[in-house]
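Notes follow the structure.
The values are calculated or read from the model by the stated rules, or taken from the named source; none is laboratory data. If you're wondering where the values come from, they're calculated on a predicted model, not measured in any experiment. Ideal geometry is used to build each Cβ from the backbone, glycine not excepted, and the neighbour counts take in all protein chains shown. Note: accessible area is taken over every heavy atom of the protein model, side chains too, but ligands, DNA and RNA are not part of it. Shrake-Rupley method; radii C 1.70, N 1.55, O 1.52, S 1.80 Å.
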Amino acid sequence: MGFPDDPRQDSLPSSASQERSATASPEVDSSSKWTWVPIRSLGPRHRDRIAAHLISLDAADRYLRFGYPANDAQIARYVDMLDFDQDEVFGIFNRRLDLIAMAHLAHPATPTESSRGTMAEFGVTVLKKARGRGFGARLFEHSVLHARNRGVQTLFIHALSENTAMLKIARNAGATVERDGSESDAWLRLPPDTFASHVEEVMGQQAAEFDYQIKRHVTTVQRIIETISEVKAHISDSRHIAGE
């Protein structure tokens, strides 16, 4: 954990297993428990959107996510170091294709040699304007499904003890939470994958991709309409000035 005068803050770690796993208040809304949420896998071409998402967090949220209020430059370096080949990054987009919630599922470089088996670490951020809709919980469920389908046996969360919302998500999933002063660790034993779990993941990915492409098309059309309206307004103003 870095402190304001800690030289390790010069750069953020590239793996969620080396950073704070939880965000500020990934709130749970029981009313949205059975509402489908399109969760899309993110890749290198989404780095700008990921950076914009994280930089929009305030100091308190950055502290809960990274263990200290990381500045913009540190966040930019963290995003540049994301390894999309080894780890998984998932996102939820709004209608304007703003990334309003994201999760980082970090896989260890080598298999874990312990009674917990192979592990992956979960981290999540949800923008304040998008909280109260259960997005943090849905990203957690999605990450659990993805991890178990890849042979992960234990999902790990490292969070500040004050991050009660994230720890509640873990406890509700059946995780064992161990508190050590200002920090807490949560361990969730995952069931083995099944044919049904793989089908569920594939269907979810296809539906999320379809949803994303629709939003992308609508956004493109809206921009074209706005551009045409701006051009017409400019022409109208020009004619008015010319006295036509």
* Asked: Once label points are set 7 Å from the Cα along Cα→Cβ at both residue 77 and residue 173, what is their separation, rounded to one decimal in nm?
  -> 3.0 nm
* segment 51-85: chymotrypsin sites (Phe, Trp or Tyr not before Pro) falling in loop per DSSP and having at most 14 other Cβ within 10 Å -> 84
* Among 87-93, 182-188, the order from most to least packed when residues are scored by Cβ within 10 Å on average -> 87-93, 182-188
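Heavy-atom accessible area per residue, segment 37-147, 1.4 Å probe: how many Å²?
So segment 37-147 comes to 39 Å² accessible per residue, rounded to a whole number.
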* If r is the Cβ-Cβ distance from residue 212 to residue 180 and R0 is 45 Å, what FRET efficiency results, to the nearest 0.05? -> 0.65
* Structure fact -> Measuring from its Cα centre, segment 101-218 shows a charge dipole (+1 at each Lys and Arg Cβ, -1 at each Asp and Glu Cβ) which, in debye to the nearest 20, is 520 debye
* **Size of charge dipole - segment 64-157 - debye, nearest 20, with Cβ of Lys, Arg +1 and Asp, Glu -1, no other charges** => 640 debye
* To do: For segment 142-181 and segment 195-209, compute the distance between their C-alpha centroids and round to whole Å.
  => 22 Å
* Asked: So, counting K/R as plus one and D/E as minus one, what does the shell of residues with Cβ under 13 Å around residue 205 add up to?
  -> -4
* **Segment residue 150-residue 203, extension gain: residue separation times 0.36 nm, minus the distance between their alpha carbons** => 17.4 nm
* Portion, in percent, of the accessible area of segment 74-129 that falls on carbon or sulfur, probe 1.4 Å -> 47 percent
* Asked: Residue separation times 0.36 nm, minus the C-alpha to C-alpha distance between residue 52 and residue 86: what's the value?
  -> 10.0 nm
